[in-house]
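To start, the structure under review is shown below, and the notes come after it.
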Amino acid sequence: MSIYLQFLLIGIGTGVIIGALAIGLTLSFRASGVINFGHGAIATYVTYVFVEMRNNGEYPVPPLPNPLAIAAGIAGWFGLHFDAPDLPTIIDVGDGTSIPTAIAVAMATAVLLGLAAHFLVFRPLRYAPATAKVVASIGMLLTLQAVVVLRFGSQAKHAEALLPDATVSIAGTLIPRDRFILLALLLAVTLVLWTAFRFTRFGIATRAAAENEEVATLLGYSADFQAAVSWVVASVVAGGVGILVAPITGVSPGRMTLLIVPAVAAALVGAFSSFWTSALVGVGIGMAQSLIFILEQRQDWVPDLDLAEILPLAVIAVAMAARGDAVPGRGAVGSERLPLAYADRIRPVPVVLFVLAVLAASIWLPFEYRNGINNSLIGIILALSLVVVTGFVGQVSLAQVALSGIAAFGLGSYVAEAGVPFILGYPLAIATSALFGLVVGMLALRSRGPSLAIITLGAGIAIEAVLFRRDGWFGTSRRARADAPELFGIELGSASEFFLGDDKRPSPAIGVLILAVAVAACVFVSLLRRSPTGRQMLAVRANERAAAAAGVDIARIKLTAFVIGAALAGAAGGLKAAQLGSFQSDTFGWTASLVLIAYAYLGGISTVSGALWTGTLVGAGIGTVVGEELIVLGRYETYIAGTFLIAELAFDADGIAGSTRRFNRYVAKKCRALLNRRALPPAPIGSAP
């Protein structure tokens, strides 16, 4: 029994950082009405700054674009080569600094990050849809994660303990004393914040702005100032606790970032408004996870299902069931501006020529370009699943990659294990993914906006933990295997023979199959947009109450969207499995869903043309392959993608597809005006002007 008590109390360390992150999530939601999925990345960056200043006396300079490097890349197109001077990456102050100096520099960095998050990311999105704010926080997560890897490396670092490491005996069990000190500090911070927000003028004004920003502004309160202060406090709390907890949890790029899931669960129980509930539930989750871990190791009656990882999802499910829409609304001035979901014009001749060009490229281009085209086509199908769910109906889904994994593992089981022919196994895998999508849609039926993002994220994590990592029909503890597709006796795998092109992998055969499915998916979604069902989806997105008053069955439309979106995701997942031949659960992890929705918003999440842009932008897609030929991005790819995503959201909610459409219409308008002026007959001599 003593070892269980020991693990329970040791879990206080992780619980404290979860509680601190939950407090920060509550602060940022009160300030800007956004669930900041990048909050753990802020804590990670601040902790790394402290470690580097303390150990090496080096302060990292954030990656900045070097104009000369871009010029060197362009000059290389014309055969001119020169080395652009490197911009400084660190500020070296000598040997390692003192602890107070390192803490001061780290806290100053936390202040700057909080101000940057408010003024550069979320203030421009104050009146944006909840989906845009969620995606912006994902963009911030990607950017900060990339900066950490670029400046500090991907290896774990040692952090010096700032708290006493002596032990104390409790019921005959030795527990490190620092756990109780951390808990006391967290409770003290929670008490200070609770007092400040309950009894001070600033706290009352912030609560008033969260309820009704317009009334608070009329009373003379500056919602902008309150939001900026809240973001700074949230960043300082997360960074400070991260520094203290780092010797316990370790310092690695992904550790604190991944703790955002249990932190969201804790903040959700507190309805993103109660500091005490968020902090205490966060500590409880950390302690319970530590206890569950040792129970799984020592007790046969406890199933080995990664219950410690599933625990936050259970907390989310209970909170959602108890509260309904567990994330409270936030009163704001102005109205949300949704991305345009226009119907792309289908011109048969250009479309056929474009498809033939892609087909030719899939056959005769060098193999790295063929692989890039295949990845882009699969990315297009995945993006189309988000176009239906998020673009047409306005439902945030962070489970699409997990749903695609259902079809991938299912295809391997149906075809490779059960011997079902591919022509039957592939549709069966898609139908299985659609069935899981129906279940996710039913779970999310009562929610929207941030609440829906949390539910679908939890569903994706649960699918990965319970199914993908376990031996069964939809997962394996080893590498899964998918046989080469075969249709009517013709093998269409990555290593299959093809009568055209070279003999290198990937074979053009798999490219032909992927292209056919991608074209069919694009045509289907285009027709759906023009159909009565598509118009009902757009009505639900615009105003659910008005749509219901007009006779639209809201539940049916939402479930239809989730089923269609899951089927499209399943189509992409099955093709990915066939393309790879063998794969692991990480291929369809929940973080990939965050990256997907980020790219989808950047390309244009409401249109088929936006999905085409998304497929071009996805990692290892044709855009990446061609881009590397022009300008070598290397490790900067994720950093640039996250930065461009934030900028695109701030200035143009319609994504690259919308910007391209407006530019094309502007050019066409100018050309028509120019042609009309030239077509006018010359004015008679002597006539009045």
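Readers should treat all values here as calculations from the given coordinates under stated rules, not as data from a laboratory. As the structure is a computational prediction, the values presented were derived from the model and not from experiment. Here the Cβ positions follow ideal geometry from the backbone for every residue, glycine too, while neighbour counts run over all protein chains shown.
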Fewest-first sequence of SER496, SER376, SER137, SER290 by Cβ atoms within 10 Å of each Cβ: SER496, SER290, SER376, SER137
LEU115-ARG556 pseudo-label distance in nm [points 7 Å out on the Cα-to-Cβ vector]: 5.6 nm
Cα-based equivalent ellipsoid of region 348-664: semi-axis lengths in Å, sorted from largest, via gyration tensor: 29, 24, 19
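What FRET efficiency, computed as 1/(1 + (r/R0)^6) with R0 = 35 Å and r the Cβ-Cβ distance, is obtained for ALA271 and ILE90, rounded to the nearest 0.05? All intermediate terms of the calculation are to be shown ahead of the outcome.
Working: r = 43 Å, r/R0 = 1.22.
Taking R0 as 35 Å, the efficiency between ALA271 and ILE90 is 0.25.
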In order through region 511-520: 3J(HN,Hα) via Karplus (6.51 cos²θ - 1.76 cosθ + 1.60), integer Hz, x for Gly, Pro: x, 4, 5, 5, 4, 4, 5, 5, 4, 4
Cα-projected label distance for ASP304 with PHE202, points at 7 Å along beta-carbon direction, nm: 5.1 nm
Cα gyration tensor shape for region 110-164, rounded if a/c is under 1.5, else prolate or oblate: prolate
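Under the √(5λ) rule applied to the eigenvalues of the Cα gyration tensor, what semi-axes describe the equivalent ellipsoid of region 406-546? Give them in Å, descending. Could the numbers behind the result be given before it?
Working: eigenvalues 222, 105, 31 Å².
Semi-axes (√(5λ), whole Å): 33, 23, 12.
Let's see if you can work this out: charge +1 on each Lys and Arg Cβ, -1 on each Asp and Glu Cβ, no other charges. What is the dipole magnitude of region 348-664 about its Cα centre, in debye to the nearest 20? Don't skip to the answer; put the middle values down first.
Values: 21 positive and 19 negative charges, 204 e Å.
Computed charge dipole of region 348-664: roughly 980 debye.
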FRET efficiency for LEU438 and LEU674, using Cβ-Cβ distance with R0 set to 56 Å, rounded to 0.05: 0.55
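Taking square-rooted eigenvalues a ≥ b ≥ c of the alpha carbon gyration tensor, is region 409-471 rounded, prolate or oblate, where a/c under 1.5 means rounded and, failing that, a/b exceeding b/c means prolate?
Working: a/c = 4.42, a/b = 2.02, b/c = 2.19.
Taking the square roots of the gyration eigenvalues as a ≥ b ≥ c, region 409-471 is oblate.
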Computed over the chain: relative contact order in percent, which uses C-alpha pairs under 8 Å that are six or more apart: 20 percent
Residue order, fewest to most beta carbons within 10 Å, for TRP231, TRP473, TRP364: TRP364, TRP473, TRP231
Rough spin-label spacing in nm, given labels placed 7 Å along Cα→Cβ, for ALA104 and LEU527: 7.0 nm
Per-peptide average of other Cβ atoms within 10 Å, ordering 451-459, 530-538 highest first: 451-459, 530-538
Within straight-line cross-link reach of LYS558, lysines at Cα separation under 29 Å, skipping those fewer than 8 residues along the same chain: LYS133, LYS576
Cβ crowding within 10 Å averaged over residues, with 601-608, 279-286, 509-516 ranked highest first: 601-608, 279-286, 509-516
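Which order do peptides 465-471, 665-671, 369-375 fall in by mean Cβ count within 10 Å, highest first?
Numbers: 465-471: 17.4, 665-671: 10.0, 369-375: 23.3.
Per-residue Cβ counts within 10 Å, averaged per peptide and sorted highest first, yield 369-375, 465-471, 665-671.
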For Rg and Dmax of the Cα atoms in Å, calculated from these coordinates, the label among (i) 25.7, 86; (ii) 26.9, 111; (iii) 26.9, 102: (ii)
Acute angle (nearest 10 degrees) that the helix 367-386 long axis makes with the longest principal axis of the chain, alpha-carbon atoms: 70 degrees
Nearest 10 degrees, 0 to 90: helix 590-603 Cα axis against the chain principal axis: 50 degrees
